[in-house]
Amino acid sequence: MFACIYIPNASNDAQAALLDCAGAFSPRVENMPPGAVVFDVEGLERLFGSYSEIASKIAEAACARGLEANVALASNIDAAVCAARGFGGITVLNHGTEANRLSDLPPAVLSASPEILETLERWGIRTLGAFAKLPAVDVSARFGQEGIELHKRARGVGSRPLVPHVDRVRFVDVVELDYEIVTIEPLTFILSRMLDGICTRLRSRNFATHEVHLSLGTYIRVLNLPLPVRNPKLLTRLLILDLEAHPPGVGIRRIEIEAIPAKPRVVQNGLFVPLSPEPEKLELTLARLKAVVGEENVGAAEIQDTHRPDGFRVSKFSSTNKDISKLDKSWQDLPNFKLLALRRFRPPLEATVQLRNSTPIWIAFHGVHGPIATARGPWRTSGDWWRPTMWDREEWDIEVLDALYRIYFDVHMDRWYAEGVFD
Amino acid sequence: MGGLPRGGITELFGPPSSGCTSAMISILAEATARDEVCALIDGNDAFDPKSAAAAGVELNRLLWIRCRKLEHVLKTTDLLLQGGGFGRVVMDLTDLPASNVRSIPLVSWFRFQRTIEKTPTVLVVMSSENIVKSAAALVLRMEKQDAQWSTLLNGFNFNIEIVRSRKSRPLKSYVRVHLHSECVQ
């Protein structure tokens, strides 16, 4: 069974509202602009009762969206559309009665081309009943394939399948301000209201968002989230923290927010799930930390594929980062790691070193000075000779004043540096 | 020792080369291997990711916050503990000026302790001297014993002395920690 909602002379907004209305009843909706949508109502009788009751519910839902619509239910799509276009209010065509019920309607409800309608007018065909009585072979000879389709519709025996509407829904809200806003604080209230609306719409379609685009006039910020969320308070706080870290620097007259929809996260919690922060809360904590110490100082360390000493970069941290190869293994199952933990001086500290037989015997740097009790080296490393950032050095491990240090001689700079302390 | 008390503060202190960082890395390696998410608040940007990775720390399960000021360290710790969900939070105050570290009011440590006391989080504080005082559930003094040498430094042994332990108090649970007594490059 199919239902059709029809509004004569529908605007684009009304068509979108019709799609929303139909979407509330069925996921299988066909958009038939201008002014009509058809959707599958099979199985809804268990929810709403008889077909008349279903039709009444649909009319109520359309009315709630401010639409004065005709609603028709029929066993095939074309009959439902013709009935909605031809009859006002609510119409239910039972199976087998379509031809009779539609027979008095004018051919215009078939949405045929103007040439065919003009020809039918000249032939004196003024109702679907009269058109249905014409021999199908002759209609085909005169009007071709389109004629056959129209003849079937007139007889109420259409059998085409529904073509589901897959329109990309945009979750956008725009606010034009009367006065310029120059500080972040008043924005909180506006962003909060806009995100409330967007999150409600996301929730109604069972979506969340993992990407929010904020346009403040020509200034654009994109908020990327590791996991989809639809919590307006969280999104507002994240956007405000982002704007505090990257202020627009100009007055704001127009605010546009677009949330890119994504499937919401479904998590099955368990008793033995290891301890980790809630992703939404973690995102907020990370944003706050970045506001305190700077964006480049918060994240997960990632070792670079190089022999360069201290070669690493800081990447975005996410609690969902998992090394699959290490899962289901306890610490004891892993290879027997050995460590010699180095605490680095960043940047390395310049040192004064005295040598005897090319071996360091005395050192002074940043509050440490004295004879070297033990020195082992040199361990020569170099690399990236084809780049300006090349390195070439001789490393020594030394013991001074009961502490163990790594020092190195930079061959190019011709200077000694303390790299760190073993701890 | 019985492990590190969950919902309490563990303090590691000792002079340079006393093994505090090695102990801290072992603690992190054990937690990240069990897929717990940990955080390191690096008071003077001294953490060496290569050493940590070589010791078995899963770097993608470790949130590293590089600070330069004590004020940032305290604020960051507050935010992380309030956020919750971290298995181990390590505060590294080792290289900060001793006068600054000593000036941290005792009430701050008690506030941190109150924040985590009903959670499974372990707050590990590393410093060059004992600063957490009575707010700590476990205080360990680290001391270098001897070093082994070959072409370069090959490793060193260290002693761990339990200065304070509230084991007699009914703590909820303990985390077992494996400390390498010998460190080999």
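Using a cut-off of 19 Å between alpha-carbon atoms, which aspartates and glutamates can reach A:Lys233, once sequence neighbours fewer than 8 places away in the same chain are excluded?
Straight-distance partners of A:Lys233: A:Asp173, A:Glu185, A:Asp196, A:Glu211, A:Asp242, A:Glu244, A:Glu256, A:Glu258, A:Glu278, A:Glu280, A:Glu283.
Where in chain A lies the longest segment free of chymotrypsin sites (Phe, Trp or Tyr not before Pro) that are both loop residues by DSSP (not H, G, I, E, B) and have at most 15 other Cβ atoms within 10 Å? Show your work: numbers first, answer last.
Values: sites that count: A:Phe272, A:Trp385, A:Trp386.
After excluding every exposed loop site, the longest remaining stretch is A:1-271.
In whole percent, what relative contact order does chain B give with Cα contacts below 8 Å and a gap of six or more residues?
Values: 379 pairs, mean separation 64.5, N = 185.
Value for chain B: 35 percent.
Let me have the 222 nm mean residue ellipticity of chain B computed from DSSP H runs of 4+ only, each contributing -39500 (n - 2.57), with the sum over all residues rounded to the nearest 500.
Details: 5 runs with 50 residues, N = 185.
The helix-only estimate for chain B comes to -8000 deg cm²/dmol at 222 nm.
When only C-alpha pairs under 8 Å and at least 6 residues apart count, what is the relative contact order of segment A:96-209, in percent?
Values: 74 pairs, mean separation 26.7, N = 114.
Here the relative contact order equals 23 percent.
Taking the alpha-carbon centroid of each part, what is the distance from segment A:53-74 to segment A:256-310 in angstrom?
Distance between centres, Cα-based: 46 Å.
Select from segment A:202-248 those trypsin sites (Lys or Arg not before Pro) which occupy a DSSP coil region and have at most 13 other Cβ atoms within 10 Å, ordered by residue number. Please report the intermediate quantities before stating the final value.
Values: sites: A:Arg203, A:Arg205, A:Arg221, A:Arg230, A:Lys233, A:Arg237; in loops: A:Arg205, A:Arg230.
Filter output for segment A:202-248: A:Arg205.
Could you give the longest part of chain A that holds none of the GluC sites (Glu not before Pro) found in DSSP loops with at most 14 neighbouring Cβ atoms within 10 Å?
Numbers: sites that count: A:Glu42, A:Glu68.
Answer from the scan: A:69-423.
Report the percentage of all Cα-Cα pairs in segment B:4-175 whose separation exceeds 24 Å, rounded to a whole percent.
Numbers: 4627 of 14706 pairs.
Of all Cα-Cα pairs in segment B:4-175, 31 percent lie more than 24 Å apart.
Of A:Lys263/A:Lys290; A:Lys316/B:Lys133; B:Lys69/B:Lys118; A:Lys290/B:Lys118, which sit over 32 Å apart, Cα to Cα?
A:Lys316/B:Lys133
Taking chain B as the reference, fit the longest principal axis to its C-alpha atoms, fit the long axis of helix B:70-83 to the helix C-alpha atoms, and give the angle between the two in degrees, 0 to 90, nearest 10.
70 degrees
Can you check what the Kirkwood hydrodynamic radius comes to for segment A:78-161, Cα pairs only, in Å to one decimal? Show your work: numbers first, answer last.
Working: mean 1/r = 0.0784 Å⁻¹.
Over segment A:78-161, the inverse of the mean reciprocal pair distance is 12.8 Å.
Sort out for me the Cα centre separation of segment B:6-68 from segment A:144-165, rounded to whole Å.
71 Å
Compute the acute angle (0 to 90°) between the alpha-carbon long axis of helix B:20-33 and the principal axis of greatest extent of the alpha-carbon atoms of chain B; round to the nearest 10°.
That works out to roughly 70 degrees.
Let me know the Kirkwood hydrodynamic radius for the protein assembly as shown, please, with Cα pairs as the basis and the value in Å to one decimal.
One over the average 1/r among Cα pairs gives 30.0 Å for the protein assembly as shown.
Near A:Glu283, within a Cβ-to-Cβ distance under 14 Å, what is the net charge of the other residues, with Lys and Arg +1 and Asp and Glu -1? Walk me through the numbers on the way to the answer.
On the way: positive: A:Arg230, A:Lys233, A:Arg237, A:Arg265, A:Lys281, A:Arg288, A:Lys290, A:Lys316; negative: A:Glu211, A:Asp242, A:Glu278, A:Glu280, A:Glu295.
Result for the neighbourhood of A:Glu283: +3.
Just so you know, all these numbers are worked out from the coordinates, no wet-lab data involved. Worth saying up front: this structure is predicted, and the values here are computed from it rather than measured. Every residue, glycine among them, receives a Cβ derived from its backbone with ideal geometry; neighbour counts consider all protein chains shown.
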